[in-house]
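J.: The structure that follows is given in the form of structure tokens.
Rule-based calculations on the coordinates, nothing more; no lab input. In this text, all values refer to a predicted model and were calculated from it rather than measured experimentally. No Cβ is skipped: glycine too gets one built from the backbone with ideal geometry, and neighbour counts run over all protein chains shown.
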Protein chains: 2
Amino acid sequence: MRRRYRGAGRQRRSNCPIACTLDLVGDRWSLLIVRDLLLGKRRFDEFLASEERIATNILSSRLKRLEDLGFVVRKGDDRDGRRVQYSLTRSGKLLGKLVRGIADWGLKNLPQTRLAPGGEQ
Amino acid sequence: MRRRYRGAGRQRRSNCPIACTLDLVGDRWSLLIVRDLLLGKRRFDEFLASEERIATNILSSRLKRLEDLGFVVRKGDDRDGRRVQYSLTRSGKLLGKLVRGIADWGLKNLPQTRLAPGGEQ
DNA sequence: CTTTTTGATTGCGAAGTGCAACTAAACCCG
DNA sequence: CGGGTTTAGTTGCACTTCGCAATCAAAAAG
């Protein structure tokens, strides 16, 4: 049985676009995974290696949740059966605009923030 | 002793503008309170009355946190000593751009979302 | 077969959430 | 004054989620 996560489905708190967006990705990790996907990261280990040091169980549960929400697809690697490739669906790519908006806001308003090396694409 | 909250000050997970923004307001409630403040709500009861039905303890702790972060100021009402006025600081008003960006994204990408009545200002 | 790599799951203490009940100060009304 | 009401919270408690370390299973490498 798949672990559930607050808001991972289901009844919205309201129809406010802000509340609904927060219900989808208003936690500390989901958008960082999306960021990594936008930067071209594809594998579990690659996400783990990011600066913010997400725990394996949290990463696993967020990837599942993003998959449940239709933002991410998971597929095995043909050449190496251990490896899994995560990538953004068409719908997941729409999150890019949101992520970039937040990044822009942070860069402008939070001192000492900077994009990760290789942060352009 | 004031209750602490994850990330409510202090060491950043990284210098990524996305991660830092999420450290500030990456939870389910803070930005909804900011939204209400932008809409002109000022009092505890008014925040409680919002559609999303925040619990009193959570509202109290988020308001304190936003105050700690310098986004909100709390002041008593001269005419009625029970009443407290919350409002955005200059710094808190900068969150407006972020909130509007998220609202725009939600309106465009999430079906059936709509701004609250009186949502223009 | 043994070791290593990869993508996880499990266990556990700590922290956060949500609900209901309660409180305290200030105001209102007779 | 004195009881009730309004406002802004706090407290208690069960439950969920987080974060860390340890462990695991399947596949690949040696």
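J.: What does the average come to when, for each residue of peptide B:92-101, you count the partner chain Cβ atoms lying within 10 Å of its Cβ?
T.: Averaged over the peptide's residues, the number is 3.
J.: Between copies, how close do the B:Asp80 label points come, placed 7 Å along Cα→Cβ, listed in nm from shortest?
T.: 6.6
J.: Another question, if that's okay. If you add up the charges near B:Gly101, with Lys and Arg at +1 and Asp and Glu at -1, over every other residue whose beta carbon is less than 10 angstrom from its beta carbon, what do you get?
T.: So the surrounding residues net to +2.
J.: Next up: Hey, rough spin-label estimate for A:Arg74 and A:Gln112, points 7 angstrom out along Cα→Cβ, what's it come to in nanometres?
T.: Label-label distance for A:Arg74 and A:Gln112, simple model: 3.7 nm.
J.: If you don't mind, another one. Expressed as a rounded percentage, what relative contact order does chain B have, with Cα pairs under 8 Å and six or more residues apart?
T.: 23
J.: At A:Gln11, with labels set 7 Å past Cα in the Cβ direction, how many nm apart are the copies from this one, shortest first?
T.: Inter-copy label distances (nm, one decimal, shortest first): 4.1.
J.: What residue of chain B sits with its beta carbon nearest the rotation axis taking B to A, and at what distance in whole Å?
T.: It is B:Gly101, 2, counting Cβ atoms only.
J.: Something else now. Grab every C-alpha pair in region A:39-106, bin the distances at 5 angstrom width from 0 up to the longest one, and report whole percents.
T.: Result, from short to long distances: 4, 15, 21, 27, 23, 8, 2, 1, 0 percent.
J.: Considering every residue in B:111-117, what mean count of other chain Cβ atoms within 10 Å of its Cβ is obtained?
T.: 4
J.: Now a separate question. Just list whichever of B:Lys64/B:Lys97; B:Lys41/B:Lys108; A:Lys41/B:Lys64; A:Lys64/B:Lys108; A:Lys97/B:Lys93; A:Lys64/B:Lys64 have alpha carbons separated by over 30 Å in the model shown.
T.: Violating the 30 Å limit, Cα to Cα: A:Lys41/B:Lys64; A:Lys64/B:Lys64.
J.: How many nanometers, to one decimal and shortest first, lie between the label point of B:Arg43 and those of its other copies, if labels sit 7 Å from Cα toward Cβ?
T.: Copy-to-copy label distances for B:Arg43: 6.0 nm.
J.: What order, most packed first, do the peptides B:37-44, B:79-86, B:108-115, B:12-19 have when packing is the mean number of other Cβ atoms within 10 Å of each residue?
T.: B:12-19, B:37-44, B:108-115, B:79-86
J.: Separate question: Given the DSSP H assignment, sum -39500 (n - 2.57) over each helix run of at least 4 residues in chain A and divide by its residue total; what's the result at 222 nm in deg cm²/dmol, nearest 500?
T.: Values: 6 runs with 55 residues, N = 121.
Estimated from H runs of four or more residues: -13000 deg cm²/dmol.
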